[in-house]
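Some notes on the structure that comes next.
Every number in this text was worked out from the coordinates using simple rules, so none of it is lab data. These numbers come from a predicted model, not from an experiment. Please note: Cβ atoms are built from the backbone with ideal geometry, for glycine as well, and neighbour counts cover all protein chains shown.
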Amino acid sequence: MAFSSVPRSLALIPDGNRRWAKAHRLSMMEGYDKGVKKFLDFSEWCKSYGVRNITVWALSSENIRRSPGEVKALFGIYRRVCKDREIIERLQREGVRLNIISNKKLLPQDLNRALADLASKTRENKERVINMLIGYGGKDDLIFAAKKAVGLAKKGVNLDANRFTECLLSNEVPDIDFIIRTSGEKRLSGFIPWQAAYSELYFSSKLWPDFSRHDLYNALSEYQSRERRFGR
C-alpha cells in the first residue's frame, strides 16, 4: 500500500540489541550483528515507502562510557561493518550516500579512518541518504555549535536559526519529521535535539532485531494519521 504522506526525513533509535541477544542466549556481538543487518533491511523498506533520508543513532557518546570490554566489542563491530564487502556492495547497489556524524575524539583513529573511507566510497550516490550518528551526543552537539556560533558573533556575523544549524556537528541532518524508537523505551535520550524540535514520535515495544516490515508499516500508518501544526 502507498501512503499519501510519508516523512521526508525519518530517524531511528534502534534500541534492544543486548536484551534480544540475552533472550536468545546469544552473545552481545551476535545481537549487534543482527541489529546491523536489520537496519540495512529497514532502510530498504523505507525506500519502498518513499522515505529517502534516514538518520540512525549507531553509537551514542553515553554508550562509550560502558565497560571497556563492551566498548571494545562495539568498536570492533563497526570496524567490520566498514570492511564488509557485502554491506558496501549493498549500499552501492541501492545508491545510498552515507554521512558519518561523529565526535571523532571519542573514537579510535583507525575507526575514524575506516568510517571516512566507507563514506567516501558512497559519496557520489544520489538515490538515498543515511546519516549515521556514531560517538554522538545531543548536548555535545549543541555545545559544539554554541562555541562555533560565539566565534562567528565575535566576527560580526548575524546569527539566526539557519546560521546556527550550519554550526552543528550534525549540520547535514535535515529537520526530522518522524522518530522511531524501539524496545519500549519512551524517551529521546538527547537524540538530535535541534532537528527534533517538531518531530513526531513513535515508540515500538519490539526489540530492534525483532522489528519487522509490518512494524514499519504500522508506524508510517500512525504518522499519516497525525496532523502536524508546528506550534500553530
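Obtain the nm distance between the two label points defined at A119 and R85 by a simple spin-label model: each point lies 7 Å from its Cα along the Cα-to-C-beta direction.
2.6
Tell me what the chain gives for mean residue ellipticity at 222 nm when only DSSP H runs of n ≥ 4 count, each as -39,500 (n - 2.57), the sum divided by the residue total, rounded to 500 deg cm²/dmol. Let's see the in-between values first.
Working: 8 runs with 104 residues, N = 232.
Calculated at 222 nm, the ellipticity per residue is -14000 deg cm²/dmol.
Lys and Arg at +1, Asp and Glu at -1: add these up for the other residues within a Cβ distance under 15 Å of Q92 and post the number. Intermediate values should be presented prior to the final figure.
Numbers: positive: K47, K83, R85, R90, R93, R97, K121, R123, K126, R128; negative: E44, D84, E86, E89, E94, D117, E124, E127.
With Lys, Arg at +1 and Asp, Glu at -1, the net is +2.
Please work out the FRET efficiency for the pair K186 and K154, using the Cβ-Cβ distance as r and a Förster radius of 41 Å; give the result to the nearest 0.05.
Working: r = 41 Å, r/R0 = 1.00.
So, using R0 = 41 Å, E works out to roughly 0.50.
So for the stretch 64-137, taking the charge dipole from beta-carbon charges (+1 Lys/Arg, -1 Asp/Glu), which of S67, I87, S120 sits furthest toward the positive end?
S67
Please work out the Cα center distance from the stretch 49-63 to the stretch 1-20, rounded to the nearest Å.
9
If you wrap a convex hull around the C-alpha atoms of the stretch 115-191 and split its volume per residue, what is the figure in Å³? Spell out each step's value before the answer.
Working: hull volume 11.5 nm³, N = 77.
Hull volume over Cα atoms, normalised by residue count, gives 149 Å³.
Here are some pairs, K139/K186; K72/K206; K83/K186; K126/K206; K126/K154; K38/K83; which of them have Cα atoms lying more than 28 Å apart in this structure? Write out the running numbers ahead of the final one.
On the way: K139/K186 19 Å; K72/K206 26 Å; K83/K186 34 Å; K126/K206 31 Å; K126/K154 37 Å; K38/K83 18 Å.
The answer is K83/K186; K126/K206; K126/K154.
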